[in-house]
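Working notes for the structure below.
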Amino acid sequence: MRAARVLLRPVGFAGFGLLTVVLLVAVFGPVLWDGRATVIDTGDLLAGPSGEHWIGTDNLGRDLFFRVLVATRLSITLALAATAIGMVLGVVLGAAPMLTGRRVARFITSAVNVLVAFPGLLLVLFFAVVFGVGARGAALAVGLAGAPAFARLCHTLLSGVSERDYIAAARIAGVSKFRILVRHALPNIAEPLIVNATMAAGGVLLTFSGLSFLGLGVQAPSYDWGKLMQDGLNGIYVHPLAALGPGIAVVLAGLAFNLTGEAFAAAFGIDVIPGVARVRAVRGAAGESAGPAVAAPDPEPGTVLSVDGLRVTIPGARRPIHAVRGVTFAIRDGEAVGVVGESGSGKSVTALAVARLIEEPVRVDANHLVFAGEDLMAADDPASLRKRLGTSLVVVFQDPMTSFNPAHRVGPQLAEVGRFHQGLGRRAAFARAVDRLHAVKLREPERRARQYPFEFSGGMRQRAMIGMGLMGTPRLIIADEPTTALDVTVQRQVLALLGEVRGDTGAALLLISHDVSVVTEVCDRVLVMYAGLIVEELPARDLGTLARHPYTRALVAAVPDMETDLTRPLAVIPGTPVDPSDVPAGCAFAARCPLADDHCRAVEPPLQADAAGNRVACHKAGWPLPADSAEVTV
Amino acid sequence: MSLLSFRGVSVRYGSHTVLKDVSLDVAGGEVVGLVGESGSGKSTLARAAVGLAPVTTGEILLDGRPVPNRGRARPVQMVFQDPYSSLDPRMTVGESIAEAMRERLGKEARRAEIARLLALVHLDASRADDLPVRLSGGQRQRVALARALAARPEVILADEITSALDVSVQGAVLNLVRDMRRELGLSMLFISHNLAVVRYVADHVAVLYAGEIVEYGPTARVLGAPQHDYTRHLLAALPGAVRRTSSGNGRPAPTSALKEQT
């Protein structure tokens, strides 16, 4: 399947096609055309191109076109052999540090580093002289010269893989070092190694032709492309094609290897996000449906954010993934609203969509999406939208390490907001940044502003992030799992800070969290999401007691707290979350719900509001759960 | 029943001291919880016991003898936090489990043993042929547990094994830990930053702060009547703690509320 995707790309198609042709010629060329390439025609020495000899003949009157074709086998074989030598030696050198003691490992690594620093061509020439003139010597030379680069690559990749816990687990299980290398480490670095080897083969081909051209490689009567070029060089002003022909062959074969490698690299790269293929051409549709056809209704006064029918669709490899399937909610000024749900429920995607931080090819639709009186769906380019949103919408992410640019000092990164959005001068913006760091209770804000993000602890980075949001006057803070990566004590401080900031600025808060207890403590209202839909909305203080949806109740019961009954097993939600690319008919939770019946499985329950404004989407809202539901295990 | 015993263990990297003179016993059949914030050295203590971190001074003993870190027999096993990184993506579930077994078994015997281990962690034997990609996070963590059990360990070190899991799955894994302990009589060092989770599974709790154990005792005592300031600090930081203390114990516990309905 992956190979098919590689082939479907133009680069992959061209690369593979070319490589296939080159390899076919290499295999069958000598068989088919050896006769025509060796026939000596003394009446036609050093002739130019003609109908009979397409690119002329050599000094013995042999047809050069067929000689180029026949030379393919030797050229390709030598290139592949040299690449193989380099790769095998490189893998051995790169992997050796994993097997040897620390000192030997360090010696090998430093030796490889020194060799990598040497110019490759110098190494080739050095080895070529050592191994003597000839095809075998040249193959060894080119192979050996390529080994350090492979060794370095292999070593780096292995170091990355060695950090993985499965290697540690194998070590703990008493698996030998060699077996760990062969069974766990090498298979997991094979892909990048092979991609690199394919691309390196192109380079090796060129180097080899160069050696033969210099007379250090293939010797007569054998011939490869480099040798043919050398032979053709003498007459280059008379019959340029005699030298250019083999040159073109080198270029084509080199391209074949490189394009194939590129195609594979691209294919492997994309699979970092499994199942999501890069699909274009959805822009138009998104623009149209979001257009002003549905006039944005005036939201109720006092509403800072109003979302109606929000849908987010991610183009998938097989079918589209419906991450959010029609979500409607509103946040009043100064209100704190929490969103809870399992991973994959669409809660983070909802937050990102509201902040308009989702880009192509993911598609965002909504009947309306109004923030502070601005319709965010009105088609516009993201840059001007961000400028208009300005500093009134603030987003705080889970991982504060990745939300700052590690190469810049913290202060200037905050100041940038002031310069971009508020038109402050450099000095004024920096002063404001220091003031804001002070506002989020960082000690010594002057000094901190001149430090880099890595000098901050996780909690300090999260404070600085909130401080960046405070460069303007936020009306809404969207916080996506802002405390998940932090320790409980730091979590407490950050939550308290968010509370104070809201008190000072009157900003509303949209808090995404998987932690029911955090949401209960911080928020006024809770939205419970499941399979891309809101399934329940209720006041946060009632979450533990008055929740009516079986999912909400299970979610609350599944988390042990300091009062959990120790004598009973914890409640468990059976089954697994819905695959967002394949949402079943009826209620999405039915398969895991102890109350579900045929009606639930057939008809999707609507989200209905009661008199108090609480909403729930369940045919059996509030029904008592069967007594044994707590005993079910996954 | 085996006793895992840390005696004055210090771990230093250069001038940086991660663990300072830590002494801790995990008695046979007992679950000891280890709590503390990140950077306090929790994971390092576990990694030192299985030879993944170098012990600078002190010793780690199993029944009075140093924990073996060479050879096939490894009576101390570890389960890692991230089930997405702890299984080799290219090995089937069965292969991963079989690799940790102490001795080479015949094909049939191995298959039977894999099935037995999968059953212990409530997974179907047919899962043995699946690659980890096909499994959810909770299922992967079960496989990681099965792999640890394959080595027939006397002690299991569980390093934040529920932290990377969804809340809905966390409970299932915690139930499993309690079942295994009851059925297999395993000793366990259960590392977590989540006090409620530790409270649920551990008999004793050790509180680690800046590389030192500042409090140790029966779970109910340490979490109910903490002696050390840092423990009190940790407890006060729990979400809901304010409400709990301000309203006495009057906050309706969500779980019990649910159970009343059932």
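The values are calculated or read from the model by the stated rules, or taken from the named source; none is laboratory data. All values reported here derive from a predicted model rather than from experimental measurement. Note that we place each Cβ from the backbone using ideal geometry, even for glycine, and neighbour counts take in every protein chain shown. Surface accessibility is based on the protein's heavy atoms, side chains included, excluding ligands, DNA and RNA. Shrake-Rupley method; radii C 1.70, N 1.55, O 1.52, S 1.80 Å.
Values computed for the structure shown
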{"quantity": "Shielding score for B:171-180, defined as the mean number of other chain Cβ atoms within 10 Å", "calculated": "5"}
{"quantity": "Under-5 Å amide H pairs with A:HIS368, H placed in peptide plane, nonlocal only", "calculated": "A:ASP308"}
{"quantity": "Protein accessible area in the range B:24-138, 1.4 Å probe - carbon and sulfur %", "calculated": "48 percent"}
{"quantity": "Cα-based helix-to-principal-axis angle, A:488-505 vs chain A, degrees rounded to 10", "calculated": "70 degrees"}
{"quantity": "Spatial separation of Cα centroids for the range A:45-106 and the range A:497-566, in angstrom", "calculated": "66 Å"}
{"quantity": "Amide H contacts under 5 Å for A:VAL526, placed H, 5+ residues apart", "calculated": "A:GLY338, A:LEU538, A:ALA540"}
{"quantity": "Karplus-derived 3J(HN,Hα), 6.51/-1.76/1.60, for each residue of the range B:120-132, Hz, glycine and proline x", "calculated": "4, 9, 6, 10, 6, 4, 5, 5, 4, 8, 7, 7, x"}
{"quantity": "Nearest 10 degrees, 0 to 90: helix A:120-131 Cα axis against chain A principal axis", "calculated": "40 degrees"}
{"quantity": "Accessible-area ranking of A:THR100, A:THR520, A:THR567, largest first, probe 1.4 Å", "calculated": "A:THR567, A:THR100, A:THR520"}
{"quantity": "Delta accessible area of at least 50 Å² on complex formation, residues of the range B:41-89, 1.4 Å probe, chain isolated as reference", "calculated": "B:LEU52, B:ARG72, B:ARG74, B:PHE80, B:SER85, B:ASP88"}
{"quantity": "Under-29-angstrom lysine pairs by C-alpha in the protein assembly as shown, whenever the two are 8 or more apart or on separate chains", "calculated": "9"}
{"quantity": "Nearest-10 value in Å² for the accessible area of B:THR57, using the 1.4 Å probe", "calculated": "60 Å²"}
{"quantity": "Helix-only [θ]222 nm of chain A, DSSP H runs n ≥ 4, -39500 (n - 2.57) each, per residue, nearest 500", "calculated": "-16000 deg cm²/dmol"}
{"quantity": "Centroid-to-centroid separation of the range A:140-175 and the range B:80-133 [C-alpha atoms, Å]", "calculated": "25 Å"}
{"quantity": "For A:LEU486, net neighbour charge (Lys/Arg +1, Asp/Glu -1) across residues whose Cβ lies under 11 Å away", "calculated": "-1"}
{"quantity": "For chain B: rounded, prolate or oblate by the Cα gyration tensor [a/c cutoff 1.5]", "calculated": "oblate"}
{"quantity": "B versus A: buried accessible surface, summed, Å² (probe 1.4 Å, to nearest 100)", "calculated": "5800 Å²"}
{"quantity": "Peptide-level mean, for A:548-557, of C-beta atoms on other protein chains within 10 Å", "calculated": "3"}
{"quantity": "Sequence of B:ASP124, A:ASP333, A:ASP165 when ordered by accessible area, the most exposed leading, probe 1.4 angstrom", "calculated": "B:ASP124, A:ASP333, A:ASP165"}
{"quantity": "Residues in the range B:183-205 occluded by at least 20 Å² - accessible area, probe radius 1.4 Å, against chain by itself", "calculated": "B:HIS193, B:ALA196, B:ARG199, B:TYR200"}
{"quantity": "Nearest-ten-degree value, helix A:135-162 long axis tilted from longest Cα axis of chain A", "calculated": "10 degrees"}
{"quantity": "Dipole-positive endmost among B:SER96, A:VAL519, A:ALA84 within the protein assembly as shown (Cβ charges, Cα centre)", "calculated": "A:ALA84"}
{"quantity": "DSSP beta bridges in the protein assembly as shown [antiparallel fraction, %, rounded to 5]", "calculated": "60 percent"}
{"quantity": "Shape category assigned to the protein assembly as shown from the gyration tensor of Cα positions, a/c cut at 1.5", "calculated": "prolate"}
{"quantity": "Antiparallel DSSP beta bridges within chain B, as percent of all bridges there, nearest 5", "calculated": "55 percent"}
{"quantity": "Mean ellipticity per residue at 222 nm, deg cm²/dmol - from DSSP H runs of n ≥ 4 across chain B, formula -39500 (n - 2.57)", "calculated": "-10500 deg cm²/dmol"}
{"quantity": "Accessible area of the range A:403-471 belonging to carbon and sulfur atoms, whole % at 1.4 Å probe", "calculated": "52 percent"}
{"quantity": "Most to least accessible of A:TYR223, B:TYR13, A:TYR452 (protein chains only, probe 1.4 Å)", "calculated": "B:TYR13, A:TYR452, A:TYR223"}
{"quantity": "Solvent-accessible area per residue for chain B (1.4 angstrom probe, square angstrom)", "calculated": "40 Å²"}
{"quantity": "Sites B:SER38 and A:SER343 - FRET efficiency at Förster radius 25 Å, r taken between beta-carbons, to 0.05", "calculated": "0.75"}
{"quantity": "For B:ARG116, solvent-accessible area (1.4 Å; no DNA, RNA or ligand), Å²", "calculated": "110 Å²"}
{"quantity": "For A:487-494, mean number of other protein chain Cβ atoms within 10 Å", "calculated": "6"}
